[in-house]
1. Could you list, in sequence order, the residues of the range 50-88 that are over 28 Å from residue 168 (Cα atoms) and either buried (at least 16 other Cβ atoms within 10 Å of the Cβ) or in contact with a strand residue (DSSP E or B) (Cβ under 9 Å, 6 or more places away or on another chain) (or both)?
2. Taking residue 41 as the residue in question, decide whether it is crowded, with 21+ Cβ neighbours inside 10 Å, under 16 Å from residue 125 (Cα atoms) and in contact with a strand residue (DSSP E or B) (Cβ under 8 Å, 6 or more places away or on another chain).
3. Is it true that residue 10 is more than 13 Å from residue 136 (Cα to Cα), crowded, with 16+ Cβ neighbours inside 10 Å, in contact with a strand residue (DSSP E or B) (Cβ under 6 Å, 6 or more places away or on another chain) and in contact (Cβ under 8 Å) with a residue 24 or more places away in the chain?
4. Which of the numbered conditions does residue 193 fail, given that it passes all the others? Conditions: (1) over 18 Å from residue 55 (Cβ atoms); (2) surrounded by fewer than 18 Cβ atoms within 10 Å (Cβ to Cβ); (3) modelled with pLDDT under 95.
């Protein structure tokens, strides 16, 4: 089987195995978040940071949800990294934003963060703060979901269908899931151009 055939067969398998009920539950929660004027903070690192930026646009423009990604502000992100360290860039940003129980944090991550492996500790620290503040945590993550899956109120774990394709499938399906959400009849209030 060619790489292309294998990649897209895996994508079909993921589509058949993804947790549709949890995605519907997230859509309903986000509708309620919008109705109470809560904010959605979307966090991701690497390719997931790019997804976070795109998702912010879609949730704001199509769904009327006040949404932000701290990685969109490169000056603040790099100043905080330089002055305070990478581990606290998201939690410090959320503190300045006065995150509260009225808000939600959406994590895009392949591994979901891990205290034991000291990976994506900026996500872990942000989630610890979010829990302390009573904010709702949503995850769209790969593999076993790591720390995000352990503490999230709602978590979609992208099924692993090929261990060699965990990252590309997880990051690709972050986009599939958020596009499902922003086009969901419970959420979408502005039609897309095409």
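The values are calculated or read from the model by the stated rules, or taken from the named source; none is laboratory data. Keep in mind that this is a model prediction, so the values were computed, not measured. Methodologically, a virtual Cβ is constructed for each residue, glycine included, from the backbone with ideal geometry; neighbour enumeration extends over all protein chains shown.
1. Those that are over 28 Å from residue 168 (Cα atoms) and either buried (at least 16 other Cβ atoms within 10 Å of the Cβ) or in contact with a strand residue (DSSP E or B) (Cβ under 9 Å, 6 or more places away or on another chain) (or both): 66, 80.
2. Numbers: crowded, with 21+ Cβ neighbours inside 10 Å: yes; under 16 Å from residue 125 (Cα atoms): yes; in contact with a strand residue (DSSP E or B) (Cβ under 8 Å, 6 or more places away or on another chain): yes.
So residue 41 fits the description; yes.
3. Details: more than 13 Å from residue 136 (Cα to Cα): yes; crowded, with 16+ Cβ neighbours inside 10 Å: yes; in contact with a strand residue (DSSP E or B) (Cβ under 6 Å, 6 or more places away or on another chain): no; in contact (Cβ under 8 Å) with a residue 24 or more places away in the chain: yes.
The answer is no for residue 10.
4. So residue 193 meets the others, but not (1).
For (1) crowded, with 23+ Cβ neighbours inside 10 Å; (2) at positive phi, each residue gets a yes or a no:
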{"residue": "112", "(1), (2)": "yes, yes"}
{"residue": "120", "(1), (2)": "yes, yes"}
{"residue": "130", "(1), (2)": "yes, no"}
{"residue": "136", "(1), (2)": "no, no"}
{"residue": "143", "(1), (2)": "no, yes"}
{"residue": "162", "(1), (2)": "no, no"}
{"residue": "168", "(1), (2)": "no, no"}
